[in-house]
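Working notes for the structure below.
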Amino acid sequence: MAELLQTIQAIDPVAFTLGSLAVRWYGLSYLMGFCAAAACAYYFAQKWQLDFSFDDLITVVIGVALGLILGARLGFCLFYHPAYYLTNPLQIFAFWQGGIAGMSFHGGLIGGVIGGVISARIIKMPLLTLGDLALIGTPVGLGLGRMANYINGELWGRVTDVPWGVVFAGAGPLPRHPSQLYEAALQGLLIFVVLLCLAMSAARKRQPVASGSILGTFLLLYGVVRIFVEFFREPDQHLGFLAGNWLTMGMLLSLPMIVLGIVLLYRAYKKG
């Protein structure tokens, strides 16, 4: 197992080149994630018999994608490197660089919500209904993104002696938890299966899910899974642990997601 994981980790982060342009697996994961989310949203909108045209889909994809990318970048700068970017503000726009030019899921979520709010107003669809549609396929992009992190050799786990430990080039000679793959399996595959089951159950009745139920389920499950994986993931070097030897920034940012997820689920099922 360890040999196979080590071989996968050694894959070139650049998927292919087009002249001087290097196309990376990480960028492709974003593209495939958007395609999966869009396909699921359009498919289930028809199955739920919602008024949601292909033009509406394009509007939502553009709005959410712009919000997500900008939010992920600004969230990274604000949550993880505020001092650096306050003194180097132009570096905020350096998306093409490695290392310091990262992205934050929690910032991306906030940006995606803002883009969704604007899109929902444009196409005149209830925000929670649009959120339910948009999030069905979102875990596919999360899973692919974490696999790309693994290939990039970043966001590695803590030192371990488990048989499947992996040595990352930038993390020293000791084997570490492949925490990126834990997240790919839990944030990607597991959450996608749960949301897909909820969406298909509603599709069989040819009606939407209870408004906000898929959104709430996603927020709750992601928050719980992220906190769980943080116990295996190495905290950001410049931040370390925020309290004791266990609390990380990822945990702290996930707590509001759990609370909001519970609130949305309570509201959804109370209204039936």
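The values are calculated or read from the model by the stated rules, or taken from the named source; none is laboratory data. In this text, all values refer to a predicted model and were calculated from it rather than measured experimentally. Heads up, the Cβs are rebuilt from the backbone with ideal geometry, glycines too, and the neighbour counts pull from every protein chain shown. The protein model used for the area step is the full one, side chains on, heavy atoms only, and it has no ligands, DNA or RNA in it. Shrake-Rupley method; radii C 1.70, N 1.55, O 1.52, S 1.80 Å.
Laid out as a table, the results:
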| item | result |
| --- | --- |
| Test: residue in the stretch 68-83 that is more than 21 Å from the chain's Cα centre (by Cα) and assigned to a helix (DSSP H, G or I) | yes |
| First in the stretch 199-214 and more than 19 Å from residue 267 (Cα to Cα) and touching a residue at least 24 places away in the same chain (Cβ under 8 Å), second anywhere and assigned to a loop (DSSP other than H, G, I, E, B) and not basic (Lys, Arg), Cβ under 7 Å, 6 or more apart | 203/48; 206/49 |
| Residue match in the stretch 152-160 (condition: touching a Phe, Trp or Tyr at 6+ places or on another chain (Cβ under 9 Å) and farther than 25 Å from residue 14 by Cβ) | yes |
| Members of the stretch 142-167 that are hydrophobic (A, V, I, L, M, F, W, C) and either open to solvent by less than 40 Å² (accessible area, probe 1.4 Å) or part of a loop (DSSP other than H, G, I, E, B) (or both) | 142, 148, 151, 155, 156, 162, 164, 166, 167 |
| Filter result (surrounded by fewer than 20 Cβ atoms within 10 Å (Cβ to Cβ), on the phi < 0 side of the Ramachandran plot and not in a helix (DSSP H, G or I)) within the stretch 183-216 | 205, 207, 211 |
| Restricting the stretch 98-131 to residues that are in a loop (DSSP other than H, G, I, E, B) and either open to solvent by less than 70 Å² (accessible area, probe 1.4 Å) or of a type in the set (Gly, Ala, Ser) (or both), the residue that is modelled with the highest pLDDT | 125 |
| Residue pairs meeting the criteria (Cβ under 8 Å; at least 6 apart or on separate chains; first charged (D, E, K, R), in the stretch 246-272; second open to solvent by less than 80 Å² (accessible area, probe 1.4 Å)) | 267/212; 267/216; 271/210; 271/211 |
| One residue from 72, 39 being free of Cβ contacts under 8 Å to residues at least 60 places away in the same chain and aliphatic (A, V, I, L, M) | 72 |
| Selected residue [in contact with a Gly (Cβ under 8 Å, 6 or more places away or on another chain), part of a helix (DSSP H, G or I), open to solvent by less than 20 Å² (accessible area, probe 1.4 Å) and among the small types (Gly, Ala, Ser)] from 223, 170, 250 | 223 |
| Residue match in the stretch 136-159 (condition: touching a residue at least 12 places away in the same chain (Cβ under 8 Å), out of contact with any His (no Cβ under 6 Å at 6 or more places or on another chain) and within 14 Å of residue 209 (Cβ to Cβ)) | yes |
| Leading residue by the ranking (modelled with the lowest pLDDT) among those in the stretch 58-68 that are under 17 Å from residue 31 (Cβ atoms) and surrounded by fewer than 19 Cβ atoms within 10 Å (Cβ to Cβ) | 66 |
